[in-house]
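The values are calculated or read from the model by the stated rules, or taken from the named source; none is laboratory data. In this text, all values refer to a predicted model and were calculated from it rather than measured experimentally. A quick note on method: Cβ atoms are made from the backbone with ideal geometry, for glycine too, and the neighbour counts reach across all protein chains shown. All accessible areas refer to the heavy atoms of the entire protein, side chains included, with ligands and DNA or RNA removed. Shrake-Rupley method; radii C 1.70, N 1.55, O 1.52, S 1.80 Å.
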Amino acid sequence: MKTLLAALLIALLTGCATGPAIDRTYSAKGQSSRVKFVILHYTAINLPQSIKVLTEQTVSSHYLLTDEAVPIVYGLVDETRQSNHAGVSNWKNYTLLNGSSIGIEIVNPGFTESPTGRVWYPFPQAQVDRLVGLLKDIVQRHNIPPENILGHSDIAPQRKQDPGPLFPWDQLARHGLVLWPDAAKVAAARPVYDLMLPDVAWFQARLATVGYAVPQTGLLDEATRNVIAAFQMKYRPLAIDGAPDAETAALLDALTTPAVKPAA
């Protein structure tokens, strides 16, 4: 009798542990990965503090990339689960990107203030190389297009600057990981915009085409300047003043003008 009761108890506990039986004979064609974006951040604090904050507080990320001589990638949140790294965010038709993205925190001090302005910190090449390998793996598994690998400043330009102007987006572009303006197209467009600069509404419309959440008012307000600065930080980091100038226009033109298909 005791043996029978024990067997029944084990069966009951096993059933509770595994949940209801699911028949997975069929699989729907209409499905895709939950992950649509990868968002890159810098921690702005050192490695021990980064580990403590990202594991013990509400903020989190899927991966933490260290700044050691031989960088380590720590997996902190499983990719099937949401981490709290993006906050209030927008890109194209998506909002609150925590639920549709993988967050990667990169150990980097960010910047310090000096009498002459902000001093930004570079990313060691070994760290960048390790990041490229991680991104290639994530992109392959989730089929993420280059236009959806972004910085925190891209998806939250009104409040975030990371990963900053010294982050080597151009290196990621050479690996086909991020969208990048064709240099020949930029050079061809630049003289046109040197002669006549588009109005603010043009800049706002083109920035929205890229994916940025930007006012469509035709006014050069603070919010629009912040978005322009975020764009410049990524594609023209030597001058991130938020001014709608000719070089910024040429970069936007190259990124948003559809390629002309040759005649059949």
Quiz item: What list of ³J(HN,Hα) values in whole Hz, one per residue of the range 114-125 in order, does the Karplus curve 6.51 cos²θ - 1.76 cosθ + 1.60 (θ = phi - 60°) give from phi, with Gly and Pro shown as x?
Solution: 10, x, 9, x, 6, 10, 8, 10, x, 9, x, 4
Practice problem: Have a look at the DSSP beta bridges in the chain and tell me what percent are antiparallel, nearest 5. | Solution: 45
Quiz item: What is the dipole size for the chain, taken about its Cα centre, with +1 at each Lys and Arg Cβ and -1 at each Asp and Glu Cβ, in debye to the nearest 20?
Solution: 880
Quiz prompt | FRET efficiency for VAL119 and LEU197, using Cβ-Cβ distance with R0 set to 45 Å, rounded to 0.05 | solution = 0.90
Quiz item: Residues of the chain: accessible area per residue at 1.4 Å, in Å²?
Solution: 56
Practice problem: Starting from the Cα-Cα distance between ALA205 and ALA239, subtract it from 0.36 nm times their residue separation and give me the gain in nm to one decimal. | Solution: 10.1 nm
Quiz item: Carbon and sulfur together cover what percent of the accessible area of the chain at a 1.4 Å probe radius?
Solution: 59
Exercise. Kindly express, to the nearest 10 degrees and within the range 0 to 90, the angle between helix 222-235's C-alpha long axis and the longest C-alpha principal axis of the chain.
Key: 80
Quiz item: So if we plug the beta-carbon distance of THR257 and TYR26 into 1/(1 + (r/R0)^6) with R0 = 30 Å, what FRET efficiency do we get, rounded to 0.05?
Solution: 0.10
Self-check item: FRET E, pair ASP221, THR95, Förster distance 22 Å, beta-carbon r, rounded to 0.05
Solution: 0.55
Quiz item: Which entries in the list LYS29/LYS160; LYS29/LYS234; LYS92/LYS234; LYS52/LYS92 go over 29 Å, if you measure between the two C-alpha atoms of each?
Solution: LYS29/LYS160; LYS29/LYS234; LYS52/LYS92
